[in-house]
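A short reminder: the numbers here are calculations on the coordinates, not readings from a lab. What you are looking at is a predicted structure, and each value in this text was computed from that prediction instead of being measured. So basically every Cβ, Gly included, is an ideal-geometry build from the backbone, and we count neighbours across all protein chains shown.
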Amino acid sequence: MQTAMAVPANISTVDLDFMNSEEETLLLLYFAEIENTSGSRIFDININGETKFTGLHLVRNHSAIEVPILIDRTLSLLTLSKTSNSTMSPILNALEWYQRVTTAPLTSSEDVQALASVKKIFNLSNWNCISDPCFIYPWEGINCNNGLEIVRVLEIDLSNRNLTGSIPSTLGNMTALVKLSLDNNHLTGGLPDLSKLVMLERLHLQNNDLSGDVPDWLSELPNLKDLFIGNNNFSGVIPQKLQDLNLLELTYEGNNYLCVRKEECRLSSHSHGRRGKTVSVPVVVCPIAIAGIISLLGIIIYRKKFGRKEIANSGTQGTPTGNRESRYVPGQDNLIISVPSTPKSRSFSLEEMMTATKNFSRKIGQGGFGSVFLGELAEGKQIAVKILSFFSEQGIAQFLNEIELLSRAHHRNLVCLLGYCNASRDLMLVYEYMSGGSLNDHLYGRNKSKYPKLGWKSRLKIALHAAQGLEYLHTNCTPKIIHRDIKTANILLDANLTGKLADFGLSRVAADDVSHVITAVRGTAGYVDPKYFTTHVLTEKSDVYSFGVVLLEIICGRRPIDITLSEPQVDLVKWVMPLVKEDEDFMNIKELVDKSMDNNYNKDSVIYVAKLAMRCIESKPIDRPSSSDVVMEIKGAMKYEI
């Protein structure tokens, strides 16, 4: 590029002749201004007499331009023509001339055809390559056995791609496939027949919406070692032959209608479809049927009311366990569930829970999981016992998720899980008791009368505690944990108003080398990140958005969604946004601040936190601070209060 084809200023055109070719041609032209002059160099580019580029202008200071030209017919003449307003002649520093050469694909034709079908079905734009899937640079997510004479595709990784629709049956033709990963998408339907994949060792299909029975042909795959189908809508009974495979690692939790043994299945695949849908069936009821229904309801009520007392007389005792293996125990709906046994999760008996809570006589709360009761263990420690409601929208998956995560995540600003109880269809979580209630209680609920004036310093301290808990989840846990339900109701307080994050039923883990998780939207209205809501892409910044809403709550003293207010004020974020844009210096911050604080706050401190909150709720996740930045910023705001 340091030399160039240059002509005198009085020459207005430069012609280059090419050897005729019937093949498609790609021409790459390079232009760089290598003269320090005060004149202008502007010219047109013509191919075979047809203008391709008009008024190409070279910037001085040795900057370069590359101009690609694709020619679909014979290339014979390239002309550079000086324009009327140019003082200098055309210049050409370098060129590259490519012609398309048709070659047979190196990859097996069966694999190429199958991948072409997958590409079309899923609209995979990143597979829009000139080469075949395995040639020199394999397509994204494709691994091949390039050392053999016939190249075959061994691995396909299409996880975390936001894919929709059903799994293409053409994948069944890729008979050399060893690993197929389709985790964390939105795939639906049943498993197509992949029985020809006799080389398949790993099949990963977790976190989709796949349904139907688990097919028998899976147990006929001789090399299958990993089968991960958890968190789908599979139903029926896991084939016994599949369970009997000694070397198979099978993960299937989170399929509400899938069980291990037929006699333990109360719900069949024929009576339930997709998870979360209710199928309405017209029924004609006669008097005898009504009597039967009344009798059945009586039995259910009796079991729910007296079942605990009957089991309590069994005399079983829960003990701390050190076995990391899972054990299978009867759970809700007579399904078989696996409860992780860890050294830090104590298994309590129902008798212990009834004794501690005095037969569940003191209810202190109600959440999506179920009722919460106050209790006291034999050693004198106060506890909060959360019981899974029969009608809970969260259910067993969240129950297990909470045990798993809080058994390994320990921080002074996370609520401590002491253990669990799993007996007689009653699933319970046992926590340390937080006598101060929740931040939500102090701002709007039952503790507002007990603490009528939660001052700014206290609010700021609680926000710092919660931010430190969130920072721990995002940066110190391996793999990192995304809470997914940050809100004032999930920030609990002890007697000294120390804040701790609670309720990990909706939390998700993500490997440190993974930037995001594709998952169904969960959370609480008013706190959910709009970007996550529209894309299903969950990141740590989704938690940061929710925390920004919490910061606005402690400033404004109002709920994120309040339908009792006028329409412009219903949504806290939408109400605050225009006010801030009109007043970027927050001169009128007093209009936003909770009136119950009676002006007992440092204005600079409040403005500092308000600016932080606005950064947290930025529409683009990349523009939001990290949880570590949030901790640092809140500490900065606290300096004004010294």
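Taking label positions 7 Å along the Cα-Cβ direction at both L247 and E641, the computed distance is 6.1 nm, reported to one decimal. For the pair S166 and D494 in one chain, pulling the backbone fully straight at 0.36 nm per residue adds 113.2 nm over the alpha carbon distance.
The phi torsions of region 623-636, fed into the Karplus equation with coefficients 6.51, -1.76 and 1.60 and a -60° offset, translate into couplings of 8, 8, x, 7, 5, 5, 5, 4, 4, 4, 5, 5, 4, x Hz, rounded to whole numbers, with Gly and Pro shown as x. Annotation for K453 and L579: the two label points, set 7 Å from Cα along the Cα-Cβ direction, are 2.2 nm apart.
Here's the picture: a label point sits 7 Å out from the Cα of N145 along the beta-carbon direction, and within region 170-200 the residues with their amide nitrogen under 19 Å of it are 171-181, 195-200. Taking amide H as placed 1.01 Å from N in the peptide plane, V151 has its amide H under 5 Å from the amide H of S108, each at least 5 places away in sequence or on another chain.
Under a Cβ-only charge scheme (Lys and Arg +1, Asp and Glu -1), can you give me the dipole magnitude of region 592-642 about the Cα centre, in debye to the nearest 20?
100
For the residue pairs K119/K531; K381/K500; K453/K487; K363/K603, the C-alpha atoms sit more than 30 angstrom apart in K363/K603. Here I69 and K620 are evaluated by their C-beta separation; at R0 = 51 Å the FRET efficiency comes out at 0.90.
Remark: the E432-A9 segment gains 143.6 nm on full extension, using 0.36 nm per residue and subtracting the alpha carbon distance. Using the Cβ-Cβ distance between R100 and E35 with R0 set to 56 Å, the FRET efficiency works out to roughly 0.95. The residue list T519, N490, I561 was ranked by how far each Cα lies along the charge dipole of region 439-641 toward its positive end, using unit charges on Cβ atoms, and N490 comes out on top. The label point for N600 and the one for D157, both projected 7 Å from the Cα toward the Cβ, are 5.6 nm apart. Taking 15 Å as the cut-off, the amide N atoms of region 161-198 that come nearer than this to a point 7 Å along the Cα-to-beta-carbon line of R522 belong to 184-185. Counting alpha carbon pairs within less than 8 Å and at least 6 residues apart, what relative contact order, in whole percent, applies to region 109-264? In percent, rounded to a whole number, it is 15.
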